[in-house]
Amino acid sequence: MKKSDPIVIFANPVYQGEGLASTVELAKEMARHQDVLFINFPMTYTQLIKGQERGRLKRALGFAKRLYRPNKDLDKLWVLEMPLMLPSNKIRSKKVYNQVLSRNNRTYKQHLLGAMQRLNWSSTIAVNAFNPLYKEAFLSFSALKHVYYCYDNIEAAYWLAEHGVPLEQELVKHSDEIYVSSQGLFAKFSGSHKPLTWIPNGMNPKDFTRNQAFPEHQLHAAYIGALDDRLDYPLLHTLLEANPALKMTLIGPVKCAAAQELTAMERVTYLGVKRPDEVGEHLQDCTIGLVPFVKNDFTSFIYPLKINEYLSLGMAVLTTDFADLSVFKDWVRPVSSAQEAVMELARIEAEELHETAAAARITFAQSQSWEARADKMRMQLNG
């Protein structure tokens with residue numbers, strides 16, 4: 001296998017979607033060294049009817065080129081937009097569901113093979129990035145190697161809960177290797193008898209750079225990410241109530257009523273949704289990063305890339321014990337209750353909110369870049 005073999009990614013996210021996606025970041029970094037085709041997760045007719053994702057619609061309908069280069073500075077990176085597919089998530093009948101899935105997979109593979117001809121690629125490496133719906137096209141696609149890259153617990157993915165588990169089992173059974181983003185997922189697949197590689201999420205250091213002195217001894221916490229039902233809102237309320245000096249900044253989409261209530265509290269500043277490359281500049285006055293996830297079957301498989309982002313800004317981190325965080329053992333002391341969180345906040349205030357500690361956190365975070373993660377993936381893929 002040559003290092004120059006192109007990589008074809010059967011992606012779950014879309015290349016130019018909202019927020020940061022590990023598959024997109026890895027694809028961009030790998031494309032600095034070898035050819036990469038990133039296949040957007042297809043739109044469905046339901047999205048057309050609802051008027052969703054209008055930016056992709058022209059390509060999905062064939063009114064613009066489906067195969068295109070998204071970045072002028074990455075001439076080895078291509079994106080393929082598939083035509084509209086039949087919706088399948090809400091189909092209850094297993095027979096009908098399988099028929100729809102087979103039809104969609106045939107369409108998917110047909111357009112993929114057409115793209116391969118236009119690119120003049122024959123020998124490739126195939127990566128399925130948490131995309132079990134198109135496992136039929138993936139597994140039947142001729143490639144030097146088939147790799148399943150898993151970054152979420154499929155049992156907890158609401159949009160895949162009914163049909164996704166057996167599809168993933170087939171993916172695992174017939175893939176050559178498995179890559180995972182968290183230690184929880186590593187444990188989950190340890191009995192698969194397939195070569196298993198841990199590739200944790202990274203971050204973009206240039207987007208999380210401190211451009212002013214660390215604000216020593218200031219109690220200013222921040223949370224970045226979706227404000228959804230993964231968060232322990234009573235814990236956050238307790239932190240605010242227990243320490244009148246604490247300020248809190250929130251960045252991300254509001255996804256539930258509890259989040260809406262939190263944004264309206266005194267000493268809480270809600271900044272809405274920001275582009276990944278904008279977030280760091282809004283956290284310059286913050287000293288503590290929050291990872292207040294509840295502990296359940298979904299969060300236990302998460303690798304919290306936001307810890308790396310907080311550390312890159314020199315911030316101390318207050319996190320719950322929602323997952324195995326041993327990789328951060330020198331930088332966090334996970335808590336299991338609101339009362340422990342109050343005590344941990346007091347310890348952080350007394351011991352960690354100074355320039356020397358901030359500099360050490362920044363140094364560690366620089367080694368956790370997407371570039372480093374992509375280099376590891378490329379080395380493994382190229383075998």
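One table, with the values for the structure above:
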item: Ascending count of other beta-carbon atoms within 10 Å, so fewest first, for Leu160, Leu86, Leu80; result: Leu86, Leu160, Leu80
item: Most mobile of Cys256, Cys286, Cys150 in a GNM of the chain (Cα contacts under 10 Å); result: Cys256
item: Residues of type lysines that Lys206 reaches as a straight line, Cα spacing below 18 Å, ignoring anything fewer than 8 places off in the same chain; result: Lys28, Lys274, Lys306
item: Within the range 62-191, percent of DSSP bridges classed antiparallel, to nearest 5; result: 20 percent
item: For the range 162-241, with +1 on Lys and Arg beta carbons and -1 on Asp and Glu, the positive-most of Pro166, Phe186, Leu239 along the dipole; result: Phe186
item: Pair-distance profile P(r), taking every C-alpha pair of the range 1-73, with 10 angstrom steps and integer %; result: 17, 47, 28, 7, 1
item: Percent antiparallel among DSSP beta bridges (both partners in the chain, rounded to 5); result: 5 percent
item: Listed peptides 269-275, 106-112 by packing density, highest first (mean Cβ within 10 Å); result: 106-112, 269-275
item: About the Cα centre, charge dipole magnitude for the range 7-199 (Lys/Arg +1, Asp/Glu -1 at Cβ), debye; result: 760 debye
item: Residue among Ile199, Met248, Ile348 farthest towards the positive dipole end of the chain, charges placed on Cβ; result: Ile199
item: Cα pair count fraction exceeding 26 Å, expressed as % - the range 7-199; result: 29 percent
item: Likely footprinting exposure, Trp121, Trp331, fewest C-beta neighbours within 10 Å first; result: Trp121, Trp331
item: Percentage, to the nearest whole number, of Cα pairs in the chain over 40 Å apart; result: 18 percent
item: Qualifying aspartates and glutamates (Cα of each under 14 Å from Cα of Lys95; at least 8 residues distant if same chain); result: Glu162
item: Lys72-His237 pseudo-label distance in nm [points 7 Å out on the Cα-to-Cβ vector]; result: 5.1 nm
item: Relative exposure of Val294, Val254, Val127, Val96, judged by other C-beta atoms within 10 Å (fewest first); result: Val96, Val294, Val254, Val127
item: In range of the label at Gln212: residues from the range 239-259 whose backbone nitrogen is under 19 Å from the point 7 Å along Cα→Cβ; result: 246-251
item: Total formal charge among the other residues, if their Cβ is under 12 angstrom from that of Lys295, Lys/Arg +1 and Asp/Glu -1; result: -3
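Where a number appears in this text, it was derived from the coordinates with a stated rule and is not lab data. Bear in mind that the values here come from a model prediction, so they are computed numbers and not experimental data. Here the Cβ is made from the backbone with ideal geometry for all residues, glycine too, and neighbour counts use every protein chain on show.
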